[in-house]
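The values are calculated or read from the model by the stated rules, or taken from the named source; none is laboratory data. Model, not experiment: these values are computed from the prediction. Here Cβ is always computed from backbone atoms with ideal geometry, including for glycine, and neighbour counts include all displayed protein chains. Surface accessibility is based on the protein's heavy atoms, side chains included, excluding ligands, DNA and RNA. Shrake-Rupley method; radii C 1.70, N 1.55, O 1.52, S 1.80 Å.
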Amino acid sequence: MEAIITVVGFLGAGKTTLLKYLLENFNNNGWNPFVILNDYENANLDAEQFAQQIGLNAIKPLSGSCICCSGIMELRNTVNRIPERQKGITLIEANGTSDACSLMEFLGVGLHDRFLPPIQISVVDVKNWQERGEHNELEANQIQVSSLLVLTHLGSVNEKRKIQVINQLKTFNPSAKIIPMDSLDVLLLPELLPSKNSSKKLDHQKAHWASCSVDLPNLPSLKYIDNICSALPKSILRVKGCTIIGDNNNHTYFERTPNGDVHIRPFNGVPTTGSKLLTIGPGSEPSSLEKIIKSILLIGKAIDNNTK
C-alpha cells in the first residue's frame, strides 16, 4: 500500500527545503514519489523548482484554495487519481497557514484502499517558534496531530533555546518523534503511524489570510529585490517572486520569510505564468503592490541617473 505523507508548518519554517531533501533521498533509494503542492496564489512557481528531481508529470500544483477546508475535495480527488507504481509514495506540502488538524481529520475520508492512512510531518523553525505574536496559536495547531516533528534553523540558536523549544513541543504533542532534519532517515517515514494525539480546536478563520499576485517587470539589478521586499508592509508575512535581472536571460527566484530575511537563487526553467510577485498576509492588495513596485523602479532610475 502507498504511504501518504503531509508536510505542514508555519510560513518560512522550511517545508520546501524538507520536501527537496525527501525527494532526493527517496529517489536515491528506488522510490517513485508523487508530489502535491498547495499555495494561495501560484503553486506552479514552486512546482517548477522540483522538475529536475522528479519531472513535472509527477507534480500536481493546487492553487487558490485551502486544502484544509474548501480545497479538501480537490486534494482527495487528486490523490485518488495518482497512478499506481512500484514503491510509490505521495508527498503533500500544505500552505503555511493550513489548519493542520482539520486537514488530517478530513483527508483520510474517501481515499482509495490502495493508500495507507495519511500521516503528518510538521516542520518547526526552532529560532522563531512561538515568536509569531497573534499567530502563535496557528503555529501550535500545526504540530498537534503530527507523527513526526522536524527541527530546522538549529544553526541560529544555542542549546538552551533548542531544549526550551523541544520541551514546549512535547507539551503540545507528547507522542510525536522529534528530530533535526539532518538526522532524518526517510526510509522510516512510510512506517510511521498516524498520530492519536487529541488537538485543541482552532478558530478556522485564523488559517485564512489575504493573498494576491501581480506581474513583476524585469529588474535592473538584484538590489531592487531587496528594496521591494523592504518596502512591503511588515504585516505581509510571506513574499515570493520570480523575474529577470539585468541582462540575464534566466529567471531569478526570491522570497522574504516572516522574520524579514530575503533569500535569492536561480529559478529552474521559465515560469508558466510569467514573472510574478506573490504575497500572503494583511496588506496583500494588487494596487498596493503595483504602487510599491512602480515607486522602487522610479527611485532606482533617478538614483542611477544621478550617479552617471
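Computed quantities for the displayed model
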| read-out | value |
| --- | --- |
| Anchor Lys170: lysines whose Cα lies under 28 Å away (excluding residues fewer than 8 positions away in-chain) | Lys15, Lys20, Lys127, Lys160, Lys162, Lys196, Lys200, Lys201, Lys206 |
| Solvent exposure of the chain as accessible area per residue, Å², 1.4 Å probe | 46 Å² |
| Cβ-based net charge around Leu18, under 14 Å, with every Lys or Arg adding one and every Asp or Glu removing one | -4 |
| Pairwise centroid distance, computed over Cα atoms, of region 70-141 with region 230-308, Å | 29 Å |
| Hydrodynamic radius (Kirkwood) for region 81-125, which is based on Cα pairs only, to one decimal in Å | 12.4 Å |
| Rh by Kirkwood over Cα pairs, then Stokes-Einstein D for region 196-308 at 0.692 mPa s and 37 °C, µm²/s | 214 µm²/s |
| Within the chain, helix-based [θ] at 222 nm, where runs of 4 or more DSSP H residues each add -39,500 (n - 2.57), nearest 500 | -8500 deg cm²/dmol |
| Charge tally in the Cβ shell below 12 Å around Val165, where Lys, Arg are +1 and Asp, Glu are -1, Val165 excluded | +1 |
| Proximal charge balance of Pro217 [Cβ under 13 Å; K/R count +1, D/E count -1] | +1 |
| Mean Kyte hydropathy of 0.0 or more with a Cα span along the axis of at least 27 Å, helices from DSSP in the chain | 286-306 |
| Carbon and sulfur %, accessible surface of region 118-179 computed with the full protein complex present, 1.4 Å | 49 percent |
| 34 Å tail of the calculated P(r), the chain, as % of Cα pairs | 22 percent |
| Exposure ranking of Lys234, Lys60 by accessible area [1.4 Å probe, largest first] | Lys234, Lys60 |
| Two-decimal Rg/Rh across region 82-223, once Rg and the Kirkwood Rh are taken from alpha-carbon atoms | 1.02 |
| Antiparallel content of DSSP bridges confined to the chain, in %, to 5 | 40 percent |
